[in-house]
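Trainee: The following block contains the structure, expressed as structure tokens.
The values are calculated or read from the model by the stated rules, or taken from the named source; none is laboratory data. In this text the structure is predicted, and so the values were computed from the model without any measurement. No Cβ is skipped: glycine too gets one built from the backbone with ideal geometry, and neighbour counts run over all protein chains shown. For the accessible areas, the whole protein counts, side chains as well, though only heavy atoms, and no ligand, DNA or RNA atoms are used. Shrake-Rupley method; radii C 1.70, N 1.55, O 1.52, S 1.80 Å.
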Amino acid sequence: MTKKFVLGIYDDEDVLLHAIENIRAAGTKIYDVFSPYPVHGIDDVLGIKRSRLPIVAFFCGLFGTSFALWMQIWMLGFDWPMIIGGKPHIALPSFIPVTFELTVLCAAFGMVITFFIVTSLRPSFKVPVFDKRSTDDKFVMAIEINEGVTDMAALNDLLRSNGAIEVNQKEVIK
Amino acid sequence: MQHVSPIREPLVTGGKTYHDITEDVCRQVEARPNIRWATALAVALVGLAIFIYSCYRTLWYGIGEWGLNKTVGWAWDITNFVWWVGIGHAGTLISAILLLFRQKWRTSINRAAEAMTIFAVICAAMFPVLHMGRPWLAYWVLPLPNTFGSLWVNFNSPLLWDVFAISTYFSVSLVFWYIGLIPDFATIRDRATGPIARRAYALLSFNWTGSAKAWSRYETVSLILAGLATPLVLSVHTIVSFDFATSVIPGWHTTIFPPYFVAGAIFSGFAMVLTLMIITRKLFKLEDYITLEHVESMNKVIILTGSIVGVAYITEFFIAWYSQVEYEQYAFINRATGPYWWAYWSMMTCNVITPQLFWFRGIRRSLTATFIISIFVNIGMWFERFVIIVTSLHRDYLPSSWVMFSPTWIDIGVYVGTMGLFSTLFLLFCKFFPVVNMAEVKSILKSSSAVKPNTHAHMHGTAKDSNKH
């Protein structure tokens with residue numbers, strides 16, 4: 001299926017932020033915005049909700065803590081108890097370093113793997129960008145054109161009057 | 001809209017635009033390798049060859065190829081291990097702790113510093129693995145189910161804590177570094193002209209498009225990773241210091257070790273970042289991104305951590321005397337006046353006296369002086385580890401076992417060889433990966449550059465922002 005997009009190209013982050021506000025206020029739905037670096041404040045104006053990745057990290061970390069403690073207590077306390085340096089079998093202070101490291105390891109990897117999955121980051125030969133300049137110096141706002149929309153001129157004016165330096169159309173095969 | 005602070009110096013000079021940053025950083029990735037890079041790589045490969053030969057000798061003939069003896073069972077190997085791990089710390093410190101502290105000057109140097117971390121940890125890991133003598137059995141350090149009975153690793157041992165600490169540190173640093181690289185790989189992918197480069201960087205960039213939602217998550221991930229990496233940095237060298245501090249050897253069994261090792265690690269790490277950055281900025285013409293302001297900021301960290309290390313040396317000495325333990329007292333007197341006095345005083349000169357020169361603004365901002373002092377600090381920190389390890393071991397409780405340690409050529413070869421390994425990896429990184437984090441530098445351009453990035457101004461709707469600055 002082919003989808004049509006109108007792309008507004010901006011070259012300044014502040015202009016872009018105000019353009020997003022005005023265009024959303026005018027009732028036009030923005031498909032996505034592409035930028036070469038994270039624009040601060042764009043989450044609020046675009047209505048992007050706060051990421052829940054910290055929660056993922058917390059629970060992965062909790063898993064790491066419990067797993068590490070269980071592993072050490074079971075291995076040295078129950079499966080093969082050995083007295084080392086006169087310490088008790090379950091010598092909790094000795095287990096802290098490994099527990100800490102596994103907590104960090106699980107939290108970091110759990111969160112990063114989730115991030116790759118939810119953001120659909122995967123290696124691919126196909127280049128999916130709308131406008132190649134969006135990874136260089138331009139900010140690209142994409143607006144999806146539904147079937148039956150004819151008033152392209154009005155959209156063009158809306159983007160231009162809000163500071164777009166260029167307005168392009170692009171068809172994408174999805 | 002653009003506010004030039006009267007107090008803070010710009011972090012990006014030369015009136016760069018966003019596009020200039022892309023051009024400047026991508027240049028060395030896209031251009032053919034120049035002669036300076038090729039020469040440097042050739043030298044590094046010689047070092048790598050020395051490393052491979054020394055490893056071959058160590059593994060084929062055994063650890064007897066090293067100068068270790070019954071009394072000094074750990075010498076250059078653990079010295080080099082702790083030294084390399086310490087060097088690694090600056091990278092994570094710059095990318096994690098300074099990110100949490102919102103230090104904008106980290107953006108130009110964090111990429112290369114993190115690369116340094118990864119490569120330094122690889123070099124560090126070589127020493128314990130080689131010291132095993134049979135590295136193909138290295139998996140024995142992991143708590144894996146096995147057929148030796150239900151025999152598990154000893155979780156009471158600081159050496160095992162090291163295994164977990166170093167491997168976690170390495171993998172988290174690697175992930176942190178790679179996530180930072182993804183947007184920049186996308187930039188190179190979109191600029192690539194040849195099909196091989198385009199496909200290679202397309203693979204490396206993991207389909208990155210720079211959409212607002214992705215950036216939002218990306219920033220969350222960076223922040224949480226920084227929050228996780230910060231205690232990790234402190235824990236790693238703390239745990240490395242436990243290798244010594246939990247033992248009963250005079251000169252090792254000290255409670256000051258964890259913070260003192262962490263400070264020393266950051267101290268040597270920053271010195272190595274400076275050594276590398278001063279060369280890199282010159283080689284790749286990055287003077288506008290790695291400015292004197294950056295060098296000065298790093299030198300301030302060096303004064304701080306150098307002073308902490310100095311205070312720690314004096315505290316150790318004081319406490320040894322104050323403890324009234326004669327073995328402890330002897331260990332420290334022996335360090336300063338015994339047969340290894342030269343190592344002790346090299347350490348004191350390089351680590352305590354030379355960094356104090358950075359109190360002078362002129363020296364702090366002089367590239368030549370900084371370069372020389374950074375080398376001194378690296379040497380001094382190597383001696384610090386040598387002094388701690390060898391002087392404590394060579395004379396402990398039993399005078400009949402007192403000996404001296406002298407390295408063999410293989411000892412020296414492995415150490416010099418790891419420098420070759422490090423340089424090879426770093427040079428390959430410089431050629432194929434962007435050395436400066438383009439996305440992050442672009443994000444500070446508006447607030448911290450010498451002039452406004454995009455010269456044609458849209459003045460409407462910006463009143464709100466001008467109040468913000």
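Trainee: Could you check region A:80-96 and list, in sequence order, the residues that are surrounded by 13 or more Cβ atoms within 10 Å (Cβ to Cβ) and at the interface with chain B (Cβ under 7 Å from one of its Cβ atoms)?
Mentor: A:W80, A:I84, A:K87, A:A91, A:S94, A:F95
Trainee: For region B:246-276, what are the residues that are buried (at least 19 other Cβ atoms within 10 Å of the Cβ), more than 13 Å from the chain's Cα centre (by Cα) and in contact (Cβ under 8 Å) with a residue 24 or more places away in the chain?
Mentor: B:P250, B:G251, B:W252, B:T254, B:Y260, B:F261, listed by residue number.
Trainee: What pairs come up if the first residue lies in region B:88-110 and is under 18 Å from B:P231 (Cβ atoms), the second is open to solvent by less than 30 Å² (accessible area, probe 1.4 Å) and acidic (D, E), and their beta carbons are under 9 Å apart, counting only those six or more places apart or on different chains?
Mentor: B:G91/B:E114; B:T92/B:E114; B:I94/B:E114; B:S95/B:E114
Trainee: In region B:134-154, is there at least one residue being over 25 Å from the mean Cα position of the chain (by Cα), crowded, with 17+ Cβ neighbours inside 10 Å and of a type in the set (A, V, I, L, M, F, W, C)?
Mentor: Within region B:134-154 (the criterion being over 25 Å from the mean Cα position of the chain (by Cα), crowded, with 17+ Cβ neighbours inside 10 Å and of a type in the set (A, V, I, L, M, F, W, C)), the answer is yes, since at least one residue qualifies.
Trainee: Considering only residues that are open to solvent by 10 Å² or more (accessible area, probe 1.4 Å) and not aromatic (F, W, Y), look in region B:425-443 and name the one that is farthest from B:I35 (Cα to Cα).
Mentor: My answer is B:S443.
Trainee: Go through B:I353, B:I363, B:I375, B:I389 for me and flag whichever is of a type in the set (A, V, I, L, M) and open to solvent by 70 Å² or more (accessible area, probe 1.4 Å).
Mentor: B:I353
Trainee: Please work out which one of (1) within 10 Å of chain B (Cβ to nearest Cβ); (2) open to solvent by less than 10 Å² (accessible area, probe 1.4 Å) is the condition A:P54 fails and give its number.
Mentor: Going through (1) within 10 Å of chain B (Cβ to nearest Cβ); (2) open to solvent by less than 10 Å² (accessible area, probe 1.4 Å) one by one, A:P54 breaks only (2).
Trainee: So B:N156 fits all but one of (1) in contact with a Lys or Arg (Cβ under 7 Å, 6 or more places away or on another chain); (2) closer than 19 Å to A:A68 by Cβ; (3) assigned to a helix (DSSP H, G or I); what number is the exception?
Mentor: Evaluating B:N156 over (1) in contact with a Lys or Arg (Cβ under 7 Å, 6 or more places away or on another chain); (2) closer than 19 Å to A:A68 by Cβ; (3) assigned to a helix (DSSP H, G or I) leaves (3) as the failure.
Trainee: So B:K282 ticks every box in (1) buried (at least 18 other Cβ atoms within 10 Å of the Cβ); (2) without any contact (Cβ under 8 Å) to a residue 40 or more places away in the chain; (3) more than 30 Å from A:E101 (Cα to Cα) but one. Which box is left unticked?
Mentor: (1)
Trainee: A further question on this structure: Name the residues in region A:14-42 that are at the interface with chain B (Cβ under 9 Å from one of its Cβ atoms), free of Cβ contacts under 8 Å to residues at least 24 places away in the same chain and assigned to a helix (DSSP H, G or I), would you?
Mentor: A:D14
Trainee: Looking only at residues in region A:8-27 that are of a type outside the set (K, R) and farther than 13 Å from A:G163 by Cα, which one is surrounded by the most Cβ atoms within 10 Å (Cβ to Cβ)?
Mentor: So, considering only residues that are of a type outside the set (K, R) and farther than 13 Å from A:G163 by Cα, the one surrounded by the most Cβ atoms within 10 Å (Cβ to Cβ) is A:A26.
Trainee: Quick check on A:V98: is it on the phi < 0 side of the Ramachandran plot and in a helix (DSSP H, G or I)?
Mentor: When the stated conditions are applied, A:V98 passes them.
Trainee: Looking at region B:176-233, which of its residues are within 9 Å of chain A (Cβ to nearest Cβ), farther than 30 Å from B:F164 by Cα, outside any helix (DSSP H, G or I) and open to solvent by 20 Å² or more (accessible area, probe 1.4 Å)?
Mentor: B:N207, B:T209
Trainee: Just to be sure I understand the filter: pairs with C-beta atoms under 7 Å, separated by 6 or more residues or on different chains, first member in region B:400-421 and farther than 17 Å from B:I78 by Cα and at pLDDT below 95, second member open to solvent by less than 10 Å² (accessible area, probe 1.4 Å) and of a type outside the set (F, W, Y). Which pairs pass?
Mentor: Matching pairs, first to second residue: B:W402/B:H394; B:V403/B:V72; B:V403/B:H394.
Residue-wise test of (1) open to solvent by less than 50 Å² (accessible area, probe 1.4 Å); (2) modelled with pLDDT under 90; (3) more than 14 Å from chain A (Cβ to nearest Cβ).
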| position | (1), (2), (3) |
| --- | --- |
| B:G14 | no, yes, yes |
| B:E30 | no, yes, no |
| B:G47 | yes, no, yes |
| B:Y53 | no, no, yes |
| B:W60 | no, no, yes |
| B:F81 | yes, no, yes |
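Trainee: Could you look through region A:97-139, keep only residues that are in contact with a Pro (Cβ under 8 Å, 6 or more places away or on another chain) and more than 7 Å from chain B (Cβ to nearest Cβ), and pick out the one that is surrounded by the most Cβ atoms within 10 Å (Cβ to Cβ)?
Mentor: A:F139
Trainee: Here are the criteria: (1) more than 10 Å from chain A (Cβ to nearest Cβ); (2) within 24 Å of B:F432 (Cα to Cα). Tell me which single one B:L159 does not satisfy.
Mentor: (2)
Trainee: Residues in region B:300-307: is at least one open to solvent by 30 Å² or more (accessible area, probe 1.4 Å), over 17 Å from B:A113 (Cα atoms) and not in a helix (DSSP H, G or I)?
Mentor: Taking every residue of region B:300-307 in turn, none turns out to be open to solvent by 30 Å² or more (accessible area, probe 1.4 Å), over 17 Å from B:A113 (Cα atoms) and not in a helix (DSSP H, G or I).
Trainee: Does A:K49 qualify as being surrounded by fewer than 21 Cβ atoms within 10 Å (Cβ to Cβ), at the interface with chain B (Cβ under 7 Å from one of its Cβ atoms) and without any contact (Cβ under 8 Å) to a residue 60 or more places away in the chain?
Mentor: Taking the combined requirement at face value, the residue does not satisfy it.
Trainee: Checking the structure you have, find out if any residue of region B:142-152 is more than 9 Å from chain A (Cβ to nearest Cβ), part of a helix (DSSP H, G or I) and closer than 30 Å to B:S95 by Cβ.
Mentor: no
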